[in-house]
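Asks: Input: one structure, supplied below.
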Amino acid sequence: MVVLGCVGVVALVTAGTHTVQNAANQAATEIATTAAGQPTSPAQPTSPSQPTQPTSQQNSLGQPVVADDTWTVTVNNVTTSPGNDILTPKSGNTFLEINVTLKNTSSSSQTASSLLMFSLLDSTGQKYDQSLGIESSPDGAVVANGLLRGTVTYEVPKSVHTFMLQFQPELTSSNVVQWTVTEPRI
């Protein structure tokens, strides 16, 4: 009896682990296919010998991109800054300032948090933390159909010039839109 009970518990744990892994694989597929900022169809099962190919579309600076049914995002421009008398980057670094506009396309007020919604990565996958900026960041309440403009600032090495800016509408959302941003050369 004890052996049968143990076998039953092992079978349940194994089945649960398989279900969690399938859900994680489906979420990863949805993130990869929505990286271009386009709606996707439901995930199709794939066999291990046929990996899912992510959609590849370059979102352009200055063009609004629909992230989900709540947010449309525009990357307006990209600049660098050496800082000011109070805020300065470490030696060998510069501030990368990315000016964005968020439009709340929903019918109710929403809260924007640049720290939670935006990420910056380089070509090696190195993620950069948002820095205190000289300009104000796009944070706070946004009324229905309202706009919020601000600058997300990152301290980056002067030797790296190309980055991937990502916007994730909600922490638990599988939608991720991205832009390639190039540091302007001074």
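Bear in mind that the values in this text are calculations on the coordinates, not laboratory data. Every value quoted in this text rests on a predicted model; they were computed, and no experiment measured them. Backbone-built Cβ (ideal geometry, glycine too); neighbour counts: all protein chains shown.
Asks: Only counting other Cβ atoms within 10 Å, I'd like K158, K90 sorted with the fewest neighbours first.
Replies: Listed from fewest to most nearby Cβ atoms, that is K90, K158.
Asks: Can you tell me which aspartates and glutamates have their Cα less than 14 Å from the Cα of K127? Leave out same-chain residues fewer than eight positions away.
Replies: Reachable aspartates and glutamates: E155.
Asks: Using the basic label-point model (7 angstrom from Cα toward the beta carbon), what is the L171 to E135 distance in nanometres?
Replies: Each label point lies 7 Å from its Cα, and together they span 2.7 nm.
Asks: Also, I was wondering about something else. Full-extension gain between Q126 and S108, please, as 0.36 nm times their residue separation minus the C-alpha to C-alpha distance.
Replies: Length gained between Q126 and S108: 2.9 nm.
Asks: Test of understanding: ordering M164, M117 by Cβ neighbours within 10 Å, fewest first, what list do you get?
Replies: M164, M117
Asks: OK, next. In which sequence would T74, T153, T182 go, from the one with the fewest C-beta neighbours within 10 Å to the one with the most?
Replies: So the ranking, lowest neighbour count to highest, is T182, T74, T153.
Asks: Would you mind computing, in nm to one decimal, how far apart the modelled labels at T88 and V66 are, each placed 7 Å from Cα along Cα→Cβ?
Replies: For the pair T88/V66, the computed spacing is 4.8 nm.
Asks: I'd like the FRET efficiency for V143 and T79, computed as 1/(1 + (r/R0)^6) with the beta carbon distance as r and R0 of 22 Å, rounded to 0.05.
Replies: After rounding to 0.05, the efficiency reads 0.20.
Asks: Averaging sequence separations of C-alpha pairs under 8 Å and six or more residues apart, then dividing by the length of the range 65-182, give the relative contact order as a whole percent.
Replies: With pairs under 8 Å counted, the relative contact order is 29 percent.
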